[in-house]
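This report refers to the structure that appears directly beneath it.
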């Protein structure tokens, strides 16, 4: 199932959930929109959120990061320049639903909150944020906390996911 819906900020965010995992696609779109709106991103920008299984994410992780294991979310920022006259395409997020569900069960938080965190985190990566140094991590975690607070996601789930 694919859902694509422009929000009040006119972002075009598509959710691809071919396996039909139980999730609120509109909430995921709202989470990405929240991040984009807080960062003065061009109003007609587009991105895709792909929900897939652990095997698909493990294959991508192996191919692009050299890590032979699944992970919760991967971000693929658009590297090529956008075509003239076309809306800016920011890139793709790929979320491993079973991996995320396992994290939520193990750490005892709502799966819906975990998915929102992954969308916020991944969208920030699409915008160039990273956590590869203490300074970058502080900037990213501040932006992440602002978005999660706006989405009513408890910030207490963030350290639990980082530790696991």
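The values are calculated or read from the model by the stated rules, or taken from the named source; none is laboratory data. This one's a predicted model, so the numbers in the text were calculated from it and none came from an experiment. Ideal geometry is used to build each Cβ from the backbone, glycine not excepted, and the neighbour counts take in all protein chains shown.
Could you say whether any residue in the stretch 128-147 is in contact with a strand residue (DSSP E or B) (Cβ under 7 Å, 6 or more places away or on another chain) and closer than 15 Å to residue 13 by Cβ? Within the stretch 128-147 (the criterion being in contact with a strand residue (DSSP E or B) (Cβ under 7 Å, 6 or more places away or on another chain) and closer than 15 Å to residue 13 by Cβ), the answer is no, since none of the residues qualifies.
Put simply, of 87, 70, 77 the only residue that is surrounded by fewer than 18 Cβ atoms within 10 Å (Cβ to Cβ), under 23 Å from residue 15 (Cα atoms) and within 17 Å of the chain's Cα centre (by Cα) is 77.
What number of residues within the stretch 132-151 are farther than 15 Å from residue 35 by Cβ and either in contact with a helix residue (DSSP H, G or I) (Cβ under 9 Å, 6 or more places away or on another chain) or touching a residue at least 12 places away in the same chain (Cβ under 8 Å) (or both)? Residues in the stretch 132-151 being farther than 15 Å from residue 35 by Cβ and either in contact with a helix residue (DSSP H, G or I) (Cβ under 9 Å, 6 or more places away or on another chain) or touching a residue at least 12 places away in the same chain (Cβ under 8 Å) (or both): 0 in total. Scan the stretch 31-45 for residues that are surrounded by fewer than 19 Cβ atoms within 10 Å (Cβ to Cβ) and in contact with a strand residue (DSSP E or B) (Cβ under 9 Å, 6 or more places away or on another chain) and the total you get is 1.
Assessment of the stretch 88-98 against the conditions (in contact with a helix residue (DSSP H, G or I) (Cβ under 9 Å, 6 or more places away or on another chain) and without any contact (Cβ under 8 Å) to a residue 24 or more places away in the chain) yields no matching residue. Condition (residue is under 18 Å from the mean Cα position of the chain (by Cα) and buried (at least 18 other Cβ atoms within 10 Å of the Cβ)) applied to the stretch 129-139: is it met by at least one residue? Yes. Taking the numbered list (1) assigned to a helix (DSSP H, G or I); (2) under 16 Å from the mean Cα position of the chain (by Cα); (3) over 13 Å from residue 100 (Cβ atoms) in turn, residue 62 passes all entries but (2).
If you check residue 27 against the conditions, is it at pLDDT 90 or above and either in contact with a strand residue (DSSP E or B) (Cβ under 9 Å, 6 or more places away or on another chain) or exposed (fewer than 13 other Cβ atoms within 10 Å of the Cβ) (or both)? Considered against the rule, which asks whether it is at pLDDT 90 or above and either in contact with a strand residue (DSSP E or B) (Cβ under 9 Å, 6 or more places away or on another chain) or exposed (fewer than 13 other Cβ atoms within 10 Å of the Cβ) (or both), residue 27 comes out as no. Filtered by the rule that a residue be modelled with pLDDT of 95 or more and in contact with a helix residue (DSSP H, G or I) (Cβ under 7 Å, 6 or more places away or on another chain), the stretch 37-51 gives 47, 49, 51. The condition (being part of a strand (DSSP E or B) and under 21 Å from residue 128 (Cα atoms)) is satisfied by just one residue among 41, 13, 51, 29: 13.
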